[in-house]
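Asks: Here's a structure for you.
Nothing in this text is a laboratory measurement; each read-out follows from the coordinates by a stated rule. In this text the structure is predicted, and so the values were computed from the model without any measurement. When we count neighbours, we look across all protein chains shown, and the Cβ atoms used for this are built from the backbone with ideal geometry, even at glycine.
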Amino acid sequence: MLDLQTAKGMAPDDFRVHYYYGRCYLETKELPKAIDHLKKAFEQNTSGQIGYYLALAFVRNKEWQNAVITAEKALQNEDSTFVQAALHYLKSGAHVELGQKEDALASAEKCVELNPEDADYKKHLERLKANL
């Protein structure tokens with residue numbers, strides 16, 4: 001944390017500082033602090049990677065609609081199919097929690113399409129199909 005504190009002192013508004021603080025708080029399960037920092041980072045840089053961790057923080061905090069909105073915005077700016085698949089996976093789970101089964105299924109199908117080798121994505125899709 002010492003290096004992050006130094007970085008924060010030198011560039012308190014830099015998105016990277018907020019991103020790394022957010023990741024640290026996410027790791028320590030301090031979700032409100034994680035969300036606050038990751039939001040600030042995502043406002044400055046809407047990359048898929050930052051959006052993924054913000055959406056993940058929302059999922060862990062059971063803020064399902066915010067997770068969906070964040071993932072959708074992050075998908076607009078992400079070229080990596082690996083990150084896109086992960087965002088769709090988070091989106092699918094949030095849609096399940098919101099009772100939006102068709103949207104959940106569409107997101108699950110997209111994450112399997114983007115990363116067909118991932119066993120967790122396949123298992124998630126199979127469970128959704130079985131419960132429709």
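Asks: Taking 30 Å as R0, compute the FRET efficiency from the Cβ-Cβ separation of residue 14 and residue 82 and round it to 0.05.
Replies: 0.75
Asks: For the chain, with the dipole built from +1 on Lys and Arg beta-carbon atoms and -1 on Asp and Glu ones, taken about the Cα centre, which of 114, 82, 37 lies farthest toward the positive end?
Replies: Ranked along the dipole, the leading option is 37.
Asks: Which of the peptides 109-121, 57-69 is most tightly packed, and how do the rest follow, going by the mean number of other Cβ atoms within 10 Å of each residue?
Replies: Packing proxy ranking, top to bottom: 57-69, 109-121.
Asks: From the list [x] 46, 25, 22; [y] 52, 27, 22; [z] 47, 38, 27, can you say which value of Cα extents along the principal axes in Å was derived from the structure given?
Replies: Only one option fits the structure, namely [y].
Asks: Still on this model: Applying a 10 Å radius around every beta-carbon, put 29-37, 92-100, 45-53 in order of their mean neighbour count, most first. Walk me through the intermediate numbers first.
Replies: Details: 29-37: 17.3, 92-100: 19.0, 45-53: 20.9.
The peptides rank, most packed first, as 45-53, 92-100, 29-37.
Asks: Lysines near residue 39 by alpha-carbon distance under 24 Å, same-chain residues fewer than 8 away left out - which ones?
Replies: 8, 29, 62, 73, 91
Asks: Moving to a separate point now. Using a simple charge model, +1 on the beta-carbon of Lys and Arg, -1 on the beta-carbon of Asp and Glu, nothing else, what dipole does the chain show about its Cα centre, in debye to the nearest 20? Kindly include the intermediate steps, with their values, before the conclusion.
Replies: Details: 17 positive and 20 negative charges, 70 e Å.
Result for the chain is approximately 340 debye, rounded to the nearest 20.
Asks: Work out, step by step, the length gained on full extension between residue 36 and residue 103: first 0.36 nm times the residue separation, then minus their alpha carbon distance; give nm to one decimal.
Replies: Values: separation 67, 0.36 × 67 = 24.12 nm, distance 2.73 nm.
Residue separation times 0.36 nm, minus the Cα-Cα distance, leaves 21.4 nm.
Asks: For the stretch 78-85, take each phi angle, set θ = phi - 60°, evaluate the Karplus expression 6.51 cos²θ - 1.76 cosθ + 1.60, and give the result in whole Hz per residue in order, putting x for glycine and proline.
Replies: Values per residue, Gly and Pro as x: 10, 9, 6, 5, 4, 5, 4, 4 Hz.
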